[in-house]
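Taking it in order: structure first as structure tokens, then the write-up.
The values are calculated or read from the model by the stated rules, or taken from the named source; none is laboratory data. Computed from a predicted model, the values in this text were never measured in an experiment. Please note: Cβ atoms are built from the backbone with ideal geometry, for glycine as well, and neighbour counts cover all protein chains shown.
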Amino acid sequence: MAALEDSGFGRLIGVLVSPGKTFRSIAGRPTWGAALIVLLIAATAVSVLTSQRMDKEDMRKTVKAQMEKRQGGQATPEQIERGVEMGEKISSVTRWLVPVFIVVVDLIVALLFFAALRFFAASQISYKMSFAVALHTYMPALVGALLTLPLILNRKSITMKEAQGGGILASNLGAFAPESMGPAARALLSSVDFFSIWTVCLMIIGYRIAAKVSTTAATAVVLTLWVLYIAFKVGMAALFQ
């Protein structure tokens, strides 16, 4: 009987309960199909169900605030309704583009780790190996999505701040931030997330094993890229606030 970490779907569980063995198995035979499929399905389900339950009154308030900030004055009811309708049309399209976005981001993340480990840690890791490791380190996000789905189904409406700031499951500090807090500060707090920290730990273990580098080197690469990601996230939030 095959060990849990030797099968594609078995690795999805193995990376959570036995990461060392699972990443050693991935290092010997890098696969990524099963991980990519389940991540795409879960993320799309969360995105579609969330967008279907968006609170329209909350959307109107948000659109009104954004218009008045841009225009420097009062927004008319007609302008607000047009803005809400446009937002709904955009959402109806973008929620189905989540799989494309995820694939692009995953390819970029794998490339960043591939380049960083080769350049800074003198590793001989291949891009395929980097991609396989990256996808399996996202399994905590899958756990988060599976916990989020029943919460969404039990809600009649969801506010934009809850949807954008991870307030549905409330696994990060941003979910407990006061309403008056600005987007940049909220983005920073939302980065202190249980599932993100779990993912970072798996990345350190996974890339240490797959890239055949020291724990110090793997930790330095992973934490550096994570900090840069948080800085980019906060910067974008500040730019568009």
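Before moving on, here are some points about what is shown:
- Matching helices (runs of 4 or more DSSP H) fully within region 145-241 where at least 3 residues are at pLDDT 90 or above and either in contact with a Leu (Cβ under 7 Å, 6 or more places away or on another chain) or surrounded by fewer than 17 Cβ atoms within 10 Å (Cβ to Cβ) (or both): 194-211, 215-239
- Of the residues screened, V48 is not one that is buried (at least 17 other Cβ atoms within 10 Å of the Cβ), under 19 Å from the mean Cα position of the chain (by Cα), part of a helix (DSSP H, G or I) and among the hydrophobic types (A, V, I, L, M, F, W, C).
- Applying a threshold of 9 Å to beta carbon distances and a minimum spacing of six or more residues, or different chains, the list of pairs starting in region 98-111 at a residue that is closer than 16 Å to V38 by Cβ and ending at one that is aromatic (F, W, Y) and assigned to a helix (DSSP H, G or I) reads D106/F131.
- For region 110-126, the candidate set comprises residues that are under 17 Å from I26 (Cα atoms) and under 21 Å from the mean Cα position of the chain (by Cα); within that set, the residue that is surrounded by the fewest Cβ atoms within 10 Å (Cβ to Cβ) is A110.
- Pair list, Cβ under 6 Å, 6 or more apart: region 154-181 residue at positive phi, other residue modelled with pLDDT of 85 or more: G166/N172; G166/S190
- Extreme residue, nearest to S196 (Cα to Cα), among residues of region 105-144 that are in contact with a helix residue (DSSP H, G or I) (Cβ under 7 Å, 6 or more places away or on another chain) and outside any helix (DSSP H, G or I): Y138
- For region 66-84, the set of residues classified as surrounded by 12 or more Cβ atoms within 10 Å (Cβ to Cβ) and in a helix (DSSP H, G or I) consists of Q66, M67, E68, Q79, I80, E81, R82, G83, V84, listed by residue number.
- Residue count, region 18-46 (criterion: touching a helix residue (DSSP H, G or I) at 6+ places or on another chain (Cβ under 8 Å), without any contact (Cβ under 8 Å) to a residue 60 or more places away in the chain and among the β-branched types (V, I, T)): 1
- In region 51-65, residue surrounded by the fewest Cβ atoms within 10 Å (Cβ to Cβ) [restricted to those that are acidic (D, E) and assigned to a helix (DSSP H, G or I)]: E57
- Residue selected from region 85-97 under the condition assigned to a loop (DSSP other than H, G, I, E, B) and not aliphatic (A, V, I, L, M), by the criterion nearest to K61 (Cα to Cα): R95
- When residues of region 25-45 are limited to those that are of a type in the set (S, T, N, Q) and outside any loop (DSSP other than H, G, I, E, B), the one farthest from L151 (Cα to Cα): S25
- Taking region 27-37 as the range and being buried (at least 17 other Cβ atoms within 10 Å of the Cβ) and within 16 Å of L97 (Cα to Cα) as the test, only L36 passes.
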